[in-house]
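**Q** Structure incoming, see below.
The values are calculated or read from the model by the stated rules, or taken from the named source; none is laboratory data. What you see is a predicted model; the values in this text were computed from it and never measured. We place every Cβ from the backbone using ideal geometry, glycine too, and count neighbours over all the protein chains shown. Heads up: the accessible areas ignore ligands, DNA and RNA and are worked out on the full protein's heavy atoms, side chains in. Shrake-Rupley method; radii C 1.70, N 1.55, O 1.52, S 1.80 Å.
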Amino acid sequence: MNLKEAGLNRKLQMQELEEIRRDAYDTSWNYKTKIKASHDNRISRKHFKVGDKVLLFDSHLKLFLGKLRSRWIGPFIVEHNYPYGAVDIRNIDIGKQFKVNGHRLKPFYEGFTVKVVEEIPLDHHPF
């Protein structure tokens, strides 16, 4: 084989390698977009109306302050909704208003009554 044929053969091999790399990149890109679309479809969107009561996630809570301590503080009242998920909330006690990301909020449900349906003593034997 002469040098000209070897150079041409090497050039073709490099082009094939570049095509394989490009195909792998395209396949990876398509996979990532499908997974992102699937993930985005499963995310539950939170829509708050003005006047709703919400709880705020306290991300500054240290891990070992209390194992059973709730990480949600509030309730707060929704004052204004901005595009892209930002929400103005107002503290009920202090009256201070501030803007937070809507992902850090969850609805506050009040007025639940706990009813005991049936009470069975531990020493009771049914038979």
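**Q** For the stretch 11-45, which residues satisfy the criterion of being modelled with pLDDT under 95 and small (G, A, S)?
**A** Within the stretch 11-45, A37, S38, S44 qualify.
**Q** Restricting to the stretch 1-53, name every residue that is part of a loop (DSSP other than H, G, I, E, B), of a type in the set (S, T, N, Q) and farther than 30 Å from P75 by Cα.
**A** First, pick out the residues of the stretch 1-53 that are part of a loop (DSSP other than H, G, I, E, B): 1-2, 43-52.
Filter once more, so that each one left must be of a type in the set (S, T, N, Q): 2, 44.
Across the stretch 1-53, the qualifying residue is only N2.
**Q** Let me ask something else about it. Given the condition modelled with pLDDT under 90 and under 20 Å from the mean Cα position of the chain (by Cα), answer yes or no: does some residue in the stretch 91-101 qualify?
**A** No - not one qualifying residue is present in the stretch 91-101.
**Q** Continuing with the same structure: Restricting the search to the stretch 94-109, which residues are open to solvent by 60 Å² or more (accessible area, probe 1.4 Å) and closer than 8 Å to K46 by Cβ?
**A** H103, K106
**Q** Residue by residue through the stretch 97-127, note down the ones that are under 12 Å from L56 (Cβ atoms) and outside any strand (DSSP E or B).
**A** Of everything in the stretch 97-127, those that are under 12 Å from L56 (Cβ atoms) and outside any strand (DSSP E or B) turn out to be G102, H103, R104, F108.
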